[in-house]
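One structure is given here, and the rest of the page talks about it.
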Amino acid sequence: MIISFDLDDTLIPGMKQFPTERRGIWQKLFSREKIRAGTIELIKALKAKNHRIFIYTTSYRSPAYIRRLFFSYGIFPEKIINKSVHDKTLGKLGAAISKYPPAFNIDVHIDDSPGVAMEGDRHQFNTIIVAEEDLHWGNNILQQIAKKES
């Protein structure tokens, strides 16, 4: 499966706050942002099951910056889709929908926004919504992915 992750308030705290991975020298050198605690373990577990990992964000952070951020934690997403790539790929539809994973052959998109889940229902794409307070979010995602595989 191709699985994509949103950044803001899903993997990177912003308006929503949650525990983050410890930042060492590499993280401080490569990025000003922290990632959600459990991200490293989750992505490594998904890759061990031969899932492909994409980042799909509506931010304008550059793909190079996003790669450096994750690289500093030992995570290597296969593809980065930012707002610019989203808009270029979707054309006029890009302004009407915040995320459209089928345009990038994504099987499941993981996000914090119930609005993205509603778009998924409306446009027939799979989502998993992560709650801010869910301390077991990684295990919950692994369980939901396993259900979608069977």
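The values are calculated or read from the model by the stated rules, or taken from the named source; none is laboratory data. Fair warning: this is a prediction, and the values are worked out from it, not measured in the lab. Neighbour counts run over all protein chains shown; Cβ positions are idealised from the backbone, glycine included. In case anyone asks, the SASA skips ligands and DNA or RNA and just uses the protein heavy atoms, side chains included. Shrake-Rupley method; radii C 1.70, N 1.55, O 1.52, S 1.80 Å.
Please give the direction-averaged projected area of the C-alpha convex hull for segment 1-74, in square nanometres with one decimal.
Numbers: hull surface 19.5 nm².
Taking a quarter of the hull surface, the average projection is 4.9 nm².
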Legend entry - Whole-percent carbon and sulfur share, accessible surface of segment 49-150, 1.4 Å: 51 percent
Legend entry - Difference of contour (0.36 nm per residue) and Cα-Cα distance, MET1 to ARG67: 21.7 nm
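With every protein chain left in place, what is the accessible area per residue of segment 34-103 in square angstrom, probe 1.4 Å?
Values: 3320 Å² over 70 residues.
With the other protein chains kept in place, segment 34-103 gives 47 Å² per residue.
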Legend entry - Percent RCO, i.e. relative contact order, over segment 4-150, from Cα pairs under 8 Å lying at least 6 residues apart: 24 percent
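Report the gain in length on full extension from LYS49 to ALA131: 0.36 nm times residue separation, minus Cα-Cα distance, nm rounded to one decimal.
On the way: separation 82, 0.36 × 82 = 29.52 nm, distance 2.40 nm.
Residue separation times 0.36 nm, minus the Cα-Cα distance, leaves 27.1 nm.
Rounded to the nearest 20 Debye, what is the dipole magnitude of segment 13-104 about its Cα centre when Lys and Arg each give +1 and Asp and Glu each give -1 at the C-beta? Write out the running numbers ahead of the final one.
Working: 19 positive and 5 negative charges, 21 e Å.
Rounded to the nearest 20 debye, it is 100 debye.
Taking the chain, how much of its Cα-Cα pair set, in percent, is spaced more than 25 angstrom apart?
Distances greater than 25 Å cover 23 percent of the Cα pairs.
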Inset, instruction - Mind listing the long-range amide H neighbours of ILE110? Cut-off is under 5 Å, sequence gap 5 or more, other chains count too, H placed in the peptide plane at 1.01 Å from N. - result: SER4, PHE5, ASP6, ILE128
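Which of LYS99/LYS147; LYS79/LYS99; LYS47/LYS147; LYS34/LYS88; LYS16/LYS49 have a Cα-Cα distance over 20 Å? Mind showing how you got there, number by number?
On the way: LYS99/LYS147 23 Å; LYS79/LYS99 15 Å; LYS47/LYS147 17 Å; LYS34/LYS88 28 Å; LYS16/LYS49 29 Å.
As for pairs spanning more than 20 Å Cα to Cα, those are LYS99/LYS147; LYS34/LYS88; LYS16/LYS49.
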Inset, instruction - Go through MET1, MET15, MET118 and list them by solvent-accessible area, largest first, probe radius 1.4 Å. - result: MET15, MET118, MET1
Inset, instruction - Determine how large the accessible area of GLU78 is when every protein chain is in place; take a 1.4 Å probe and give Å² rounded to the nearest 10. - result: 90 Å²
Inset, instruction - Write down the percent of antiparallel bridges among all DSSP beta bridges whose residues are both part of the chain, to the nearest 5. - result: 5 percent
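Where does the chain land at 222 nm, in deg cm²/dmol rounded to the nearest 500, when only DSSP H runs of n ≥ 4 count, each adding -39500 (n - 2.57), divided by all residues? Don't jump to the answer; show the numbers that get you there.
Working: 7 runs with 60 residues, N = 150.
After summing the helix terms and dividing by the residues of the chain, the value is -11000 deg cm²/dmol.
Quick check on segment 86-150: take the gyration tensor over C-alpha atoms, sort the square-rooted eigenvalues as a ≥ b ≥ c, and tell me if it's rounded (a/c under 1.5), prolate or oblate. Kindly include the intermediate steps, with their values, before the conclusion.
Values: a/c = 2.57, a/b = 1.74, b/c = 1.47.
Here segment 86-150 falls in the prolate category.
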